[in-house]
1. Taking 0.36 nm per residue of sequence separation and subtracting the Cα-Cα distance, how much length would be gained by fully extending the chain between LYS21 and GLU37, in nm to one decimal?
2. Given that compact globular proteins tend to follow 2.2 N^0.38 Å, what is the ratio of the alpha-carbon Rg of the stretch 5-60 to that value?
3. What is the Cα centroid distance between the stretch 1-39 and the stretch 49-65, reported in whole angstrom?
4. Got a sec to turn the phi values of the stretch 26-37 into Karplus ³J(HN,Hα) couplings, 6.51 cos²θ - 1.76 cosθ + 1.60 with θ = phi - 60°, whole Hz, x for Gly and Pro?
Amino acid sequence: MLSRRSKRQYETKFRHWGMVKNLNERDWRAVIQHLNERRQRGRDSSTVLLHGRHLPEAKIRKAVQRYSYESLYDRFFKRCKWK
């Protein structure tokens with residue numbers, strides 16, 4: 001007799017193995033911070049490998065818009081030329 005696993009049981013096992021479909025906010029913030037550090041060092045690489053998977057550039061751009069925090073003060077002084 002075959003035992004049937006529920007969807008929840010499969011999801012739990014996949015999470016246990018480190019397989020995730022979507023990243024949470026904490027993971028995206030870590031990716032964004034890593035990309036910002038690379039840009040500051042002059043390495044502007046667009047390839048991101050996370051949990052053994054390449055993340056598409058479009059998905060990264062969307063996450064940067066969603067999860068990166070930039071205060072009004074920072075926005076103003078980035079555009080200001082007399083800094």
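1. On the way: separation 16, 0.36 × 16 = 5.76 nm, distance 2.56 nm.
Between LYS21 and GLU37, full extension yields 3.2 nm more.
2. Output field value: 1.42.
3. Using only Cα atoms, the two centres lie 13 Å from each other.
4. 4, 5, 5, 4, 5, 4, 5, 4, 4, 5, 5, 5
Read-outs throughout are calculated quantities, based only on the coordinates presented, and are distinct from any laboratory measurement. On a predicted model such as this, the values are computed, not experimentally measured, just so you know.
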